[in-house]
Structures are given as C-alpha cells and as structure tokens.
1. If you check Thr98 against the conditions, is it part of a strand (DSSP E or B), more than 25 Å from Pro124 (Cα to Cα) and in contact (Cβ under 8 Å) with a residue 24 or more places away in the chain?
2. Restricting to the range 40-57, give me the number of residues that are crowded, with 16+ Cβ neighbours inside 10 Å and of a type outside the set (Ser, Thr, Tyr).
3. Can you pull out the residues in the range 79-108 that are of a type in the set (A, V, I, L, M, F, W, C) and within 13 Å of Pro11 (Cβ to Cβ)?
4. Checking the structure you have, find out if any residue of the range 60-69 is in a strand (DSSP E or B), under 17 Å from Met25 (Cα atoms) and not hydroxyl-bearing (Ser, Thr, Tyr).
5. Would you check if there is a residue in the range 45-58 being in contact with a Cys (Cβ under 7 Å, 6 or more places away or on another chain) and assigned to a loop (DSSP other than H, G, I, E, B)?
6. Confirm whether Asp37 is surrounded by fewer than 16 Cβ atoms within 10 Å (Cβ to Cβ), modelled with pLDDT of 95 or more and not in a loop (DSSP other than H, G, I, E, B).
7. Which ones in the range 105-125 are over 12 Å from the mean Cα position of the chain (by Cα) and touching a residue at least 12 places away in the same chain (Cβ under 8 Å)?
Amino acid sequence: MAEIDAPVATPALVGPVWAWQQTLMNDDSRTAPGAPDRYTLQFRPDGRVDVRADCNRGGGSYTRDDRRLSFGPIALTRMQCAPGSNDAAFLKGLPEITSFLFAGDLLVLELKYDSGTMQFRALPR
C-alpha cells in the first residue's frame, strides 16, 4: 500500500520567532547575517512586533491586510554592536516592506518597488 504524504501546513505569521536568513536585492547583492538568531521578528496578535537587531532589542507596531504588511515606528535600544554586525542592514529593510508570502518554511518579506526581499525562517520552539 502506498503512503500518502500529508499536506504541509503553511506557517503562521503571528507567533513564531522569525530569524533573518538574508536580504536579496534585484541587483544580485546579498546580505546575510553570521548568526540569524540575533536578528529576529516576532509578530504578536495585537498588532505589535518584537524586534531583535543583534545587540539591540525593541519593538513597534505592524499592520497586516491580507498579504500587505507594513511597520510603524520601531523603538530600539541604542547599544553599539560589535564590529561586523549587520544591525544597520537589517533595520534599513524593515520600513521598506510592503507585503509577505511563504515559500516552503521561509517567510519572504517583499521590499518596495520590487527591489528585493528579506527572508526569514522560524526558530525551533
């Protein structure tokens, strides 16, 4: 008897801690953190988002309408991260996000003007 593969569930935006894997721009430039778990987003059901940008933490608001996604102001601590940190590149992309989709287990945040994407993977619980 042949086994039937169970359908793969689409991940949920709200709940998981999403770790930044990379930003891919349409000019083929790529930024990827050495430690993805130091750059995270966690969307809460109340419209708030928790943000970790390497050595800084904070949060703000987000708005979601179907696949559209945007962030309000994000307040963070202002510590100087170690040399080699990607905190500035990570934070630069967040206000540019316009929508999201899932590609397998990746959360793909699309940037304005189809200029690129930020990709995230859920951390294990």
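1. The answer is yes for Thr98.
2. The first filter runs over the range 40-57 and keeps only residues crowded, with 16+ Cβ neighbours inside 10 Å, leaving 40-43, 49, 51-54, 56.
Checking which are of a type outside the set (Ser, Thr, Tyr) leaves us with 41-43, 49, 51-54, 56.
Summing the residues that are crowded, with 16+ Cβ neighbours inside 10 Å and of a type outside the set (Ser, Thr, Tyr) in the range 40-57 gives 9.
3. Correct list: Phe100, Leu101, Phe102, Ala103, Leu106, Leu107, Val108.
4. no
5. Yes, the range 45-58 has at least one match.
6. The answer is yes for Asp37.
7. Asp105, Lys112, Asp114, Ser115, Gly116, Arg125
The values are calculated or read from the model by the stated rules, or taken from the named source; none is laboratory data. A quick note: this is a predicted structure, and the numbers were derived from the prediction, not measured. Backbone-built Cβ (ideal geometry, glycine too); neighbour counts: all protein chains shown.
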